[in-house]
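The values are calculated or read from the model by the stated rules, or taken from the named source; none is laboratory data. All of these numbers come straight from a predicted model, not from anything done at the bench. With ideal geometry, Cβ positions are generated from the backbone for all residues, glycine too; neighbour counts draw on all protein chains shown. Please note that ligands, DNA and RNA were not included when accessible areas were found on the heavy atoms of the full protein model with its side chains. Shrake-Rupley method; radii C 1.70, N 1.55, O 1.52, S 1.80 Å.
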2 protein chains.
Amino acid sequence: MSFNALTPELLVAFEAIVGPAHVLTAQRAEAAATADAYADYGRDHTEDFHFAPDVVLRPGSAEEIGQIMRLCHENRLPVTPRGAGTGLSGGALPIHHGVVLSTERLNKILEIDERNLQATVEPGVINEVFQNAVKEVGLFYPPDPASKGSCSLGGNLAHSSGGPKAVKYGTTKDYVLNLQVVLPTGDIIWTAANTLKNSTGYNLTQLMVGSEGTLGIITKVVFRLLPFPKQNILMLVPFRKEEEAADAVSAVFRAGIIPSGMEFMEREAIAWSSDYLKIPLTLPEDIRAHLLIELDGQDLDELYKEAEQVYGVLEHYDVGEILLADTAAQKDDLWKIRRNIGNSVRYNSVYKEEDTVVPRAELPTLLKGVKEIGARYGFKSVCYGHAGDGNLHVNIIRGELSDEMWNVGLRQPISEIFELCVKLGGTISGEHGIGLVQKGYIGIALKEANINLMRGIKQVFDPHGILNPGKIF
Amino acid sequence: MSFNALTPELLVAFEAIVGPAHVLTAQRAEAAATADAYADYGRDHTEDFHFAPDVVLRPGSAEEIGQIMRLCHENRLPVTPRGAGTGLSGGALPIHHGVVLSTERLNKILEIDERNLQATVEPGVINEVFQNAVKEVGLFYPPDPASKGSCSLGGNLAHSSGGPKAVKYGTTKDYVLNLQVVLPTGDIIWTAANTLKNSTGYNLTQLMVGSEGTLGIITKVVFRLLPFPKQNILMLVPFRKEEEAADAVSAVFRAGIIPSGMEFMEREAIAWSSDYLKIPLTLPEDIRAHLLIELDGQDLDELYKEAEQVYGVLEHYDVGEILLADTAAQKDDLWKIRRNIGNSVRYNSVYKEEDTVVPRAELPTLLKGVKEIGARYGFKSVCYGHAGDGNLHVNIIRGELSDEMWNVGLRQPISEIFELCVKLGGTISGEHGIGLVQKGYIGIALKEANINLMRGIKQVFDPHGILNPGKIF
């Protein structure tokens, strides 16, 4: 793909579309003493990458985005769509420079339809803002990535983000009924209808979800919602052996229980995060890992019955003293520790995060393999994640690794980790996406025939290849 | 698209691939006195259509299908894939003749993985056979179309079939993790991985599901499963006003209850089916419609609590005496009546079935509109369906309608019904697919830009357009 550069004429045309206040450039930012804020449009939460955009546009409507895309399509100008910039695979990085198209102004909850348990929202709405808004009317939007307080729903759609509740409730993809999308050519479509079922042509909705901003720009979303589960129970279970923690995950499901959270944290993960947050936590010497198990529902008695069954399963393992969270504050603290592992790792060191995923019963084998590969290549990793989904986040710590090892040497062990995932029936990303940083490994997960189909689809949607170029494949 | 005809050389080549016993032609069937069975390959359960294939192939493996497709691709021979032939939109009809490729011999359950709550099956397995097999080990595969005793899982995938349990558990698409697919060119791919989450490239899995056999031939499926819900409660609620029955559906959900079945049957539907089955049912003069409501879970006490809440909601409506099914036999009878409405209508008259779907709270408006349109154009309809999903099956009864009215005159009122669906936020098929019979109406549901994207995708998968030509668009 060859692209054209931004011209003064295009800049004027962009100003006419979105208004001068919403056309940002490095020069203007410099003049307005907002260079730092401008620089943020060139990075996300992936390692320490930065790529400078030629221009940042902040459109206010699908129609404006349509006009922008038409111009960029005709002029072969690369466009990188951007939500809140919390992505972990580099999907929002403008590696070919050109336009960064931010959806930050599309931040309205347009309708909460209590009759149909649906909501229509714009992509720039922050996940937690949306969750809270529907909760106020007794409804529930389950997908809750660790970054829920800062990530946008548009970004969640781009990667089909999960979160702790995915184990019971599924990921973002399972809540999308219909999408308004601006195609790379500037056409605006709705992908489906506002219905729970739809057998009317190919599933363009699910083709958009997880396509990491390479096929179109989502401008409105119709989500389905659930009644809010009024009760929950949360327990923290310490294990003396990592593999037993991973093994217990499968055993709980086999007992017929579907927890609403089933999180794995190895010792380092929970220790770093509780230190970082200054939330004291007793951590006996012999404890190697924890499971954080949540049960939810409408009836507390019923949940206590389920909790007893979980205790029954755990009796077969070498566990320490189980902490049953008594108060809302205690529950908050435990979840805060879990959610801040990523931040605490980032606070300690630059790191690479691998978003490995396998069938859940293979988790012990994966964990063992990751540690064995780390030992062989001399790197340390902090592992945690959504064990109920078989989704293990492997954080490789930079620590004292040389530039050579960090930039080149790690490719081999990371490939080995991913090959192990595939061998176990899994793949290389469960919820973070491929983006930029996993692109080099896509051949481990996908055969040439699959990639050719994807390239063909990309070509149908984006004949000039201008939308988020250089990502996924 | 122009296609070539079957040649004697191709027939010999097909015999070499699948064996002579699995290559059927009209002549051979005549000679073997199996002409009736052969003719069945030219029809499905859609009205009274029949199209004669040139040859029927019954391959035994993905590899054989790969070889067949390569030959057909090179020779531009049309191929119509076929499951059990129970489809209601004409998807399996070989309208361009050529090859009918039956998956009937791919009928093995390859693995039930109790550790991961997954199963790997071939597409020719009958839905109910699979349900029963997983139930034996305490697991649950929810999608259950009315034809579950005779429809194949491959056909279910082709249309993302639903069934009564979809309201709580979703449709076929929600249980598919990974598909082995033979592409129209003969290449064999897996679409994803055996994981609950996957953000690794475009979602080819969901692109295949619901594509009605136009993009590839599914040869293996990895399904996720749930723990089997041990308890259920079933109630039949008679209403004196159709619209109140439809309205009560929404009210139950707003009360925070998600039933595992929420079926609507107008008077005629339940009357015809109980007559047809000779299952006696008291049906007072003033009853216009019924809701069949099922609750399921692991704990009977909990279900009785929920049932009380449902009774509380129903108090606000003009209902007759609620029948709470006491025994397994009584439950079976009620479900049998619901499942056999289609058969009872077919027994009485040729009919056209429209698979309308709207957001569930719009169901009363849709039902009223259908009856109003029927009155205006002089046709009778029997309406029933999955009210919890807003999915209303409208059976237009042939009765005394003239050939002219049946073949041409109904197009206008059917268009009006579909336009009403779209106006209400719905679409023209919830679970039966577009196939042949709804193709003429696709423009009501989909804009030109959507259809162009779909045609582009079709072209990527099937450059010669040989797979199930003439369907959907």
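A few remarks follow.
- Remark: residue B:251 matches the filter, which requires a residue to be at pLDDT below 95, over 30 Å from residue B:466 (Cα atoms) and touching a His at 6+ places or on another chain (Cβ under 9 Å).
- Single residue of A:45, A:50 found to be surrounded by 17 or more Cβ atoms within 10 Å (Cβ to Cβ) and on the phi < 0 side of the Ramachandran plot: A:45
- Checklist (1) touching a residue at least 12 places away in the same chain (Cβ under 8 Å); (2) open to solvent by 40 Å² or more (accessible area, probe 1.4 Å); (3) part of a helix (DSSP H, G or I) applied to residue A:312, failing item: (2)
- Taken over the range B:315-332, the residue count meeting the criterion of being crowded, with 19+ Cβ neighbours inside 10 Å and not β-branched (Val, Ile, Thr) is 1.
- Of all residues in the range A:59-108, those satisfying the criterion of being among the charged types (D, E, K, R) and over 18 Å from residue A:154 (Cα atoms) are A:70, A:74, A:76.
- So residue A:362, is it acidic (Asp, Glu), closer than 30 Å to residue B:307 by Cα and open to solvent by 10 Å² or more (accessible area, probe 1.4 Å): no
- Test result for residue B:90, in contact (Cβ under 8 Å) with a residue 60 or more places away in the chain and either open to solvent by less than 10 Å² (accessible area, probe 1.4 Å) or under 25 Å from residue B:433 (Cα atoms) (or both): yes
- Entirely in the range B:386-473, the helices (runs of 4 or more DSSP H) that have 1 or more residues that are within 30 Å of residue B:268 (Cβ to Cβ) and modelled with pLDDT of 95 or more: B:411-423, B:442-445
- Check on residue B:293, at pLDDT 95 or above, more than 25 Å from the chain's Cα centre (by Cα) and either of a type in the set (S, T, N, Q) or buried (at least 16 other Cβ atoms within 10 Å of the Cβ) (or both): no
- Among the residues of the range B:419-431, those identified as within 10 Å of another protein chain (Cβ to nearest Cβ), out of contact with any Lys or Arg (no Cβ under 6 Å at 6 or more places or on another chain) and not small (Gly, Ala, Ser) are B:421, B:422, B:424, B:427, B:428.
- Checking the stated criteria, residue B:336 turns out to be basic (Lys, Arg) and either at pLDDT 95 or above or loosely packed, with under 15 Cβ neighbours inside 10 Å (or both).
- Among the residues of the range B:456-468, the ones that are open to solvent by 20 Å² or more (accessible area, probe 1.4 Å) and touching a residue at least 40 places away in the same chain (Cβ under 8 Å) come to 3 in all.
- Residue list for the range A:139-164, filter: assigned to a loop (DSSP other than H, G, I, E, B) and polar (S, T, N, Q): A:147, A:150, A:160, A:161
- Taken over the range A:165-174, residues that are in a loop (DSSP other than H, G, I, E, B) and at the interface with chain B (Cβ under 7 Å from one of its Cβ atoms) amount to 1.
- Qualifying positions in the range B:205-257 - open to solvent by 30 Å² or more (accessible area, probe 1.4 Å), over 19 Å from residue B:188 (Cβ atoms) and in contact with a strand residue (DSSP E or B) (Cβ under 7 Å, 6 or more places away or on another chain): B:224, B:228, B:231, B:232, B:242
- Residue A:375 within 22 Å of residue A:210 (Cβ to Cβ), small (Gly, Ala, Ser) and in a helix (DSSP H, G or I): no
- The condition of being at the interface with another protein chain (Cβ under 10 Å from one of its Cβ atoms) and more than 26 Å from residue A:147 (Cβ to Cβ) holds for only one of A:466, A:434, A:442, A:457, that being A:457.
- Filtered by the rule that a residue be within 10 Å of another protein chain (Cβ to nearest Cβ) and within 17 Å of residue A:290 (Cβ to Cβ), the range A:248-262 gives A:250, A:251.
- Applying the condition of being over 22 Å from the mean Cα position of the chain (by Cα) and closer than 28 Å to residue A:178 by Cβ to the range B:394-417 and asking which residue is most open to solvent (accessible area, probe 1.4 Å) yields B:411.
- Residues located in the range A:135-174, provided they are more than 16 Å from residue A:221 (Cβ to Cβ) and either hydroxyl-bearing (Ser, Thr, Tyr) or touching a Pro at 6+ places or on another chain (Cβ under 6 Å) (or both): A:147, A:150, A:163, A:165, A:169
- Taken together, A:420, A:453 contain a single residue that is surrounded by 22 or more Cβ atoms within 10 Å (Cβ to Cβ) and under 20 Å from residue B:199 (Cβ atoms), which is A:453.
- Entry remark, the range B:18-41: residues being surrounded by 15 or more Cβ atoms within 10 Å (Cβ to Cβ), in a helix (DSSP H, G or I) and either of a type in the set (Asp, Glu) or out of contact with any helix residue (DSSP H, G or I) (no Cβ under 7 Å at 6 or more places or on another chain) (or both) number 2 in total.
- Residue ID - most open to solvent (accessible area, probe 1.4 Å), chosen from residues in the range B:175-204 that are facing chain A (nearest Cβ under 7 Å) and in contact with an Asp or Glu (Cβ under 7 Å, 6 or more places away or on another chain): B:196
- Counted as qualifying within the range A:175-285 are the helices (runs of 4 or more DSSP H) with 3 or more residues that are hydrophobic (A, V, I, L, M, F, W, C), more than 25 Å from residue A:89 (Cα to Cα) and out of contact with any Ser or Thr (no Cβ under 7 Å at 6 or more places or on another chain), namely A:242-254.
- A single entry from A:288, A:267 fulfils the requirement of being open to solvent by 50 Å² or more (accessible area, probe 1.4 Å), farther than 16 Å from residue A:169 by Cβ, away from chain B (no Cβ under 11 Å) and basic (Lys, Arg): A:288.
- Evaluation of residue A:373 against the conditions (1) within 14 Å of chain B (Cβ to nearest Cβ); (2) at pLDDT 95 or above shows that the sole unmet condition is (1).
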